[in-house]
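J.: Attaching a single structure in structure tokens format; questions to follow.
Since every read-out is calculated from the coordinates, none of them should be taken as a lab result. Every value quoted in this text rests on a predicted model; they were computed, and no experiment measured them. Every residue, glycine among them, receives a Cβ derived from its backbone with ideal geometry; neighbour counts consider all protein chains shown.
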Amino acid sequence: MASQTKKAPPKGILKKPTVAASPSPSTPASAPASPSPQQKPDPREIAIQHAKIIHDRRALEDTITDSIILLAKLPATRPSSSPSQTTQTTTTTTAASASASASAPSANDYSEHDAELFKSHVRLFQPSDYDALIEERNALGSCGYGLCGRPRTRLGPGSGGYKLLNWGRRDFAIVPRAEAERWCSRRCARRAMYVKVQLSETAAWERAGIETIRIELLEEQEAEQERQQQQQQQRQRQQEVPEKEKGEDKAAAAAAAAQVARDETDRRQKAAKDAMDLALERGDTDKKRAAKRRINVTIREKKVVAEVREPSLATGGGGDGHLVLDGYKTKFDPKSETINGNKGGTTKPDAKEEEGSKATG
């Protein structure tokens, strides 16, 4: 029985490929839905668009070139005279230092209109465009800074490629000859570099639509710092007013205390002077001897010979008993004072009467 049973064949685990049923020729196949055909861009429109972009870029480059030509002639009002107009004929370092320091501008020699014109044209410059402006101004004999009307420095003939500026001073520097001749002074070089560091390497046509791009001048920054410093000083002065009043009160109290101390000193000096005057009256001229001098004082008890009796009025003393006080009788003699009727004066007692009265006493 076991041999007669058949085993089922094993089944594979892989999926069998399904054969797509070929459509019968009698039944027409349904056509698949085709997507909407994409409209191909017109090459002519693309060419025109690229041409417009290139045209705008060329126009902006032409505008920058015109700006360089315009800014090379700034400022509109130039100073009448300048210490650096005379050409240097010596190559000594002292002459170069003197010319650089003498030509330093003391105040802005341009108008507000020139400043606004300069900032509006420079804001789209690249650093290379700004260098081209400096070279254009140097070719015209002007200082490289766009708002300086002074001529650039001429160091005179010489084969040295470097120059020593401001020898013996704190701002001493060794600069290339070409760099030193681009400016009229080191201050103009700082002002020009302050503008250059604000420029971007990005292409001008990428920044043309950004209205927030602004260029600041070094003079404006210094003026703003000075204004803030003045405001801070004014606030400090306002804060110092109450402190000053407190200081005045403290000073008044200190003055009163000093006056009290002076009065005490005067009192002590007066007491010392009075003591010296008293010593002079006593004859104590020598202070050391007077301080060492001693007086021997001996206190002794009085010896009483008679018996102490209680005071009483003497019996039979006559009418002068009231003159006796504690055993002592007053020596007043009423007979010694008599009125002289003729002269209207008093008579003096005789010497004998006085001696008698002393004896009885």
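J.: Using the Cα atoms of the range 183-253, I'd like the radius of gyration and the largest Cα-Cα distance, Dmax, both in angstrom.
T.: 22.6, 74
J.: Something else now. Could you state the orientation-averaged shadow area of the convex hull built on the Cα atoms of the range 222-284, in nm² to one decimal?
T.: With every direction weighted equally, the projected area is 6.8 nm².
J.: Hey, another quick one. For the range 109-241, what is the Kirkwood estimate of the hydrodynamic radius, computed as the reciprocal of the mean inverse distance between distinct Cα atoms, to one decimal in Å? Walk me through the intermediate numbers first.
T.: Numbers: mean 1/r = 0.0580 Å⁻¹.
Result for the range 109-241, one decimal place: 17.3 Å.
J.: Further question on the same structure: Take the cross-link list K73/K163; K303/K331; K246/K273 and give me the ones stretching past 30 Å between alpha-carbons.
T.: Check vs 30 Å cut-off fails for K246/K273.
J.: Which value, in debye to the nearest 20, gives the size of the charge dipole of the range 222-284 about its Cα centre, when Lys and Arg are +1 and Asp and Glu are -1 at the Cβ?
T.: Numbers: 12 positive and 15 negative charges, 25 e Å.
Result for the range 222-284 is approximately 120 debye, rounded to the nearest 20.
J.: Tabulate in residue order the Karplus-calculated ³J(HN,Hα) for the range 259-268, using 6.51 cos²θ - 1.76 cosθ + 1.60 with θ = phi - 60°, rounded to whole Hz; enter x for Gly and Pro.
T.: Per residue, the Karplus-derived 3J(HN,Hα) values read 5, 4, 5, 5, 4, 5, 5, 4, 5, 5 Hz.
J.: Amide H of A173: which non-local residues (sequence gap of 5 or more, or other chain) have their own amide H closer than 5 Å, using H built in the peptide plane?
T.: L165
J.: Please give the FRET efficiency for R309 paired with R282, using the beta carbon to beta carbon distance and R0 = 45 Å, rounded to the nearest 0.05.
T.: 0.55
J.: Can you run the Rg to Rh ratio on the range 109-165? Use alpha carbon positions and the Kirkwood inverse-distance Rh.
T.: Result: Rg/Rh = 1.07.
J.: Right, something else. How would you rank I54, I64, going from fewest to most other Cβ atoms within 10 Å of each one's own Cβ?
T.: I54, I64
J.: Let me ask something else. May I ask you to derive the FRET efficiency for E264 and R300 from their Cβ-Cβ distance with R0 = 35 Å, giving the value to the nearest 0.05?
T.: That pair, E264 with R300, gives E of 0.20.
J.: Still on this structure, please answer the following. If a paramagnetic tag sat 7 Å from the Cα of A132 along the Cα-Cβ line, which residues of the range 54-75 would have the backbone N under 14 Å from that point?
T.: Within reach of a label on A132, which here means backbone N under 14 Å from a point 7 Å along Cα→Cβ, the range 54-75 contributes 57-72.
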